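The values are calculated or read from the model by the stated rules, or taken from the named source; none is laboratory data. As the structure is a prediction and not an experimental result, all values here were calculated from the model. Reconstructed Cβ throughout: ideal geometry from the backbone, glycine too, with neighbour counts over all protein chains shown.
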Amino acid sequence: MRALLSFVGLLAIACAVTAACAYPAWLLLHPHFDFPFHRIGERIGMLVLALGFWPLARHLKVADRTSLGYGLPRAAFLRELALGAAIGVATMLGGVALMSALGLLDWTPAAKLSGAVIAKLVALRALSGLAVAFIEETFLRGAMQTAIERESGTRAAVLLTAAFYAATHFFASYHIAPEQVTPHSGLDLVAGTLRAFADPSSIADAFLALFAVGVALGLVRAATGNIAACMGLHAGWVWVMLLTHELTQPLRSAPLSFLLSRFDGFVGWLVLVWTLLLTLPLWRFYSVRTATHSSVTAPAR
């Protein structure tokens, strides 16, 4: 498990730097920008991960295009990314429609926005979805899954990468009000984030849903041999989720409100079940698609 421990070690370094540097960064930035303390800490952690990614990838011998999941020719990669994004948007819209049908979402915020504002949100959140998908898929289904797969096989790579993916979504989830920020708030931020894992029942629904999403993406990566489809699916899912956050509010008084997590009001038991229903069809679709393309492009003998 050398590969997994290497990525966990990089994450631990990012947490340590965040604990040490979040408060000094806050002192520099807060007088000029209205950034929340947890957001500053999150960006510091992401910067450390970005700086450490390439040396780690080189060390694990996964720094080449194929290992990172970019082995397809550019045109084919973009085509698969676009198809994945379309599937991602369609499938996540289905989930949102189900939430609405069950009375779990209040669309009043959307009704207060003009068409121009909504169009701007659609464009901006599409860019956000692509950025998130590019970063996370390159890191996780690209470098991490490849490195673990070479050591421990595909099954272990899919499951361990999915667990890492799910766990990292809870970092920087602990918030500190501006008036409560102190010199030791960086340490409090990291400790508060880790404290969520001390009470698994409070995050079980969100963690399992995110784990299932990670497994689905990992299986698609294994089926296709690249991250184009994973990136598209991920971008489409994030795009719809971000828009739903902007345009709706979870109805906590609804009888079935427990289906939406307390973590973010979206990823929970309903998303878990929806993802499980989608995983096998997605895997089969991309397995058949990859096999078909391989047979068409194989040289005649």
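Considering only region 110-129, state which residues are more than 11 Å from the chain's Cα centre (by Cα) and within 17 Å of residue 78 (Cα to Cα).
Of all residues in region 110-129, those more than 11 Å from the chain's Cα centre (by Cα) come to 110-128.
Hits for region 110-129 are 126, 127.
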*List pairs: first in region 202-215 and without any contact (Cβ under 8 Å) to a residue 40 or more places away in the chain, second surrounded by 21 or more Cβ atoms within 10 Å (Cβ to Cβ) and assigned to a helix (DSSP H, G or I), Cβ under 8 Å, 6+ apart or cross-chain?*
none
*Please state which of the following conditions residue 254 fails to meet, knowing it meets all the rest: (1) in contact with a Lys or Arg (Cβ under 9 Å, 6 or more places away or on another chain); (2) farther than 30 Å from residue 20 by Cα; (3) modelled with pLDDT under 95.*
(1)
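Looking at 186, 192, which one is surrounded by fewer than 21 Cβ atoms within 10 Å (Cβ to Cβ), modelled with pLDDT under 95, of a type in the set (Gly, Ala, Ser) and over 30 Å from residue 64 (Cβ atoms)? Before you say what the answer is, go through the steps one by one.
Values: 186 fails: surrounded by fewer than 21 Cβ atoms within 10 Å (Cβ to Cβ).
After applying the criteria, what remains is 192.
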_Every pair of residues 6+ apart whose Cβ atoms lie under 6 Å, when the first sits in region 154-166 and is under 12 Å from residue 4 (Cα atoms) while the second is at pLDDT below 95_ = 160/4
_Looking at (1) touching a His at 6+ places or on another chain (Cβ under 9 Å); (2) buried (at least 22 other Cβ atoms within 10 Å of the Cβ), which one does residue 132 not meet, given that it meets all the others?_
(2)
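Residues checked against (1) of a type in the set (Asp, Glu); (2) touching a Ser or Thr at 6+ places or on another chain (Cβ under 8 Å); (3) in contact (Cβ under 8 Å) with a residue 24 or more places away in the chain:
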| site | (1), (2), (3) |
| --- | --- |
| 232 | no, no, yes |
| 242 | no, yes, yes |
| 256 | no, no, yes |
| 260 | no, no, yes |
| 266 | no, yes, yes |
| 286 | no, yes, yes |
| 291 | no, no, no |
*Grab the helices (runs of 4 or more DSSP H) fully contained in region 1-119, keeping just those with 1 or more residues being under 21 Å from residue 129 (Cα atoms) and not polar (S, T, N, Q).*
37-59, 74-101, 108-111
_Identity of the residue in region 49-101, among the hydroxyl-bearing types (Ser, Thr, Tyr) and more than 13 Å from residue 139 (Cα to Cα), that ends up surrounded by the most Cβ atoms within 10 Å (Cβ to Cβ)_ = 91
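I'm checking my understanding of the structure. Among residues of region 58-76 that are hydrophobic (A, V, I, L, M, F, W, C) and touching a Ser or Thr at 6+ places or on another chain (Cβ under 8 Å), which one is farthest from residue 9 (Cα to Cα)? Give the steps one after another, and end with the answer.
Step one: filter region 58-76 for residues hydrophobic (A, V, I, L, M, F, W, C), giving 60, 62-63, 68, 72, 75-76.
Now drop any that are not touching a Ser or Thr at 6+ places or on another chain (Cβ under 8 Å), which leaves 60, 62, 68.
Details: 60: 13, 62: 17, 68: 20 Å.
Residue satisfying both the conditions and the ranking: 68.
Looking at 8, 17, can you tell me which residue is modelled with pLDDT of 90 or more, out of contact with any His (no Cβ under 7 Å at 6 or more places or on another chain) and surrounded by fewer than 16 Cβ atoms within 10 Å (Cβ to Cβ)?
Details: 17 fails: surrounded by fewer than 16 Cβ atoms within 10 Å (Cβ to Cβ).
Only one candidate qualifies: 8.
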_Selection from region 255-299 of residues that are in a loop (DSSP other than H, G, I, E, B) and over 26 Å from residue 169 (Cα atoms)_ = 255, 298, 299
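Specify the residue that is modelled with the lowest pLDDT; the eligible residues are those in region 100-141 that are of a type in the set (A, V, I, L, M, F, W, C) and touching a Ser or Thr at 6+ places or on another chain (Cβ under 8 Å).
Just the residues of region 100-141 that are of a type in the set (A, V, I, L, M, F, W, C), to begin with: 101-102, 104-105, 107, 110-111, 113, 116-119, 121-124, 126-127, 130-135, 139-140.
In the following step, the residues that additionally are touching a Ser or Thr at 6+ places or on another chain (Cβ under 8 Å) were identified as 104-105, 107, 110, 140.
Values: 104: 96, 105: 95, 107: 94, 110: 91, 140: 96.
Among those that are of a type in the set (A, V, I, L, M, F, W, C) and touching a Ser or Thr at 6+ places or on another chain (Cβ under 8 Å), it is 110.
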*What single numbered condition from (1) surrounded by fewer than 16 Cβ atoms within 10 Å (Cβ to Cβ); (2) in contact with a helix residue (DSSP H, G or I) (Cβ under 9 Å, 6 or more places away or on another chain); (3) not hydroxyl-bearing (Ser, Thr, Tyr) fails to hold for residue 144?*
(1)
